1. If a residue has to be farther than 15 Å from Val267 by Cβ and open to solvent by less than 40 Å² (accessible area, probe 1.4 Å) to count, how many in segment 172-193 make the cut?
2. So which of Tyr304, Tyr344, Tyr272 ends up being under 30 Å from Pro213 (Cα atoms) and either open to solvent by 40 Å² or more (accessible area, probe 1.4 Å) or at pLDDT 95 or above (or both)?
3. Filter segment 334-363 down to the residues that are of a type in the set (Ser, Thr, Tyr) and in a loop (DSSP other than H, G, I, E, B), then identify the one that is farthest from Arg315 (Cα to Cα).
4. Enumerate the pairs (first residue in segment 210-235 and at positive phi and of a type outside the set (Phe, Trp, Tyr); second residue anywhere and crowded, with 21+ Cβ neighbours inside 10 Å and modelled with pLDDT of 95 or more) with beta-carbon separation below 9 Å, excluding pairs fewer than 6 apart on the same chain, so at least 6 apart or on different chains.
5. Report, by residue number, each residue of segment 85-114 that is in contact (Cβ under 8 Å) with a residue 40 or more places away in the chain, in contact with an Asp or Glu (Cβ under 8 Å, 6 or more places away or on another chain) and open to solvent by 40 Å² or more (accessible area, probe 1.4 Å).
6. Pick from Ala81, Ala147: which is among the small types (Gly, Ala, Ser), farther than 21 Å from Val181 by Cβ and outside any loop (DSSP other than H, G, I, E, B)?
7. Just give me the residues in segment 36-65 being open to solvent by less than 10 Å² (accessible area, probe 1.4 Å), out of contact with any Pro (no Cβ under 6 Å at 6 or more places or on another chain) and either at pLDDT below 95 or within 27 Å of Arg137 (Cα to Cα) (or both), in sequence order.
8. Consider segment 197-216. How many of its residues are open to solvent by 80 Å² or more (accessible area, probe 1.4 Å) and at pLDDT below 95?
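The values are calculated or read from the model by the stated rules, or taken from the named source; none is laboratory data. For clarity, every value in this text was computed on a predicted model and none was experimentally measured. Because the Cβ atoms are built from the backbone with ideal geometry, glycine has one as well, and the counts that use them run over all protein chains shown. Remember, those area values only see protein heavy atoms, side chains included, never the ligands or the DNA or RNA. Shrake-Rupley method; radii C 1.70, N 1.55, O 1.52, S 1.80 Å.
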Amino acid sequence: MKPFGMIPFFIPHVGCPYVCTFCNQSRITGQSGISHLTPDYIKETIRDYVGNKRNDKFWEVAFYGGSFTAIHTDLQHQLLAPVSEMLKSGIIDGIRCSTRPDAVDDEAITLLQSYGVKTVELGVQSMNDGILVDAKRGHTAQEVVEAVARLKRRGMTVGVQLLPGLKGETWESILETAIAVVKIKPDFVRIYPVLVIENTELADQYRAGEYEPLSTEQAITYCAFLKDWFERHNIEVIRTGLQSTEELDSGNSLVAGPYEPAMGELVVNEQYKQRIERCINEHIESFIDKGLSQWYIWGQVNTYIALNISVFYPRSLTSKVRGLKNRNMLYFQEKYPHINFNWYEDSTRNTVRCCIDGLQYVL
């Protein structure tokens, strides 16, 4: 398959009937207003993106930042018409938009399909109603269930966007969201840990001591769990962490929270760290089940036989397994000082393997 070539058009806050506590799309995207989105501008932008690389990628126009199907239908027609023209002429391959779960009735879907839109992303954020109320989302978890079902019945590709770390978030609510999202079976998921952006109600709550954002490590742990959970249920996670922008990188708009341009890489690092640690725990538990726990010392037993652990990985996964700046290697050295770890590149296979005292586990 060809890689995606995304051509984004941001419509910050347009169509949004509520102001969510966490949201300031103009700050996040570095753009404000849509008066520049004339038909000529849209078509010219598409041509600039595609250039002479028409056959190199699957080119798709995306409308992000607002609630597309909640804006006035005249404006929807105005925005979609030039894009549909480019689709029909073969310059692009697809169109997608993002919107609210309570703004995709059958009439809205019919309008999208009339212009060739095949993918809809829903701003779900959480599947816990208490968190949704507190964030002033204005929709319920049940409306998410109904929206996804309706879109899929009409043959649409459906994505959901989640925001771990909203006010009131706990491991229990994260698990509740994870289970609920798997049940509705979206085609893909985006995961954006919550950031505190200037000129938002969440920023006011943070300054008043009413909200504590996730630390970077907490955000990585939440995202790694969610990503691993969805992937194990055959749901693709296409992004973790906000796209780096000049506005966010400058720090002018970011009040607090786990902003990390390398969030996606760090989350994958955490996934491999958790998988290796799971192998260690399962290996030790197997000896405990056999009544041989005295073989290992974990600060309690005086008899000790060291484990020897070798981790093998193809070169393409070296930084993911060892971690950014070897963070995973350092973690295991510090947490398990009595274990002898060895890390090997092995490009004869495309799998990651963890070998413990001769027993092999495929990650």
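1. Residues flagged as farther than 15 Å from Val267 by Cβ and open to solvent by less than 40 Å² (accessible area, probe 1.4 Å) within segment 172-193 amount to 8.
2. Tyr272
3. Looking at the filtered set, the residue picked out is Tyr336.
4. Cβ pairs passing all conditions: none.
5. Scanning segment 85-114 gives a single hit, Asp102.
6. After applying the criteria, what remains is Ala81.
7. Leu37, Val61, Phe63
8. 1
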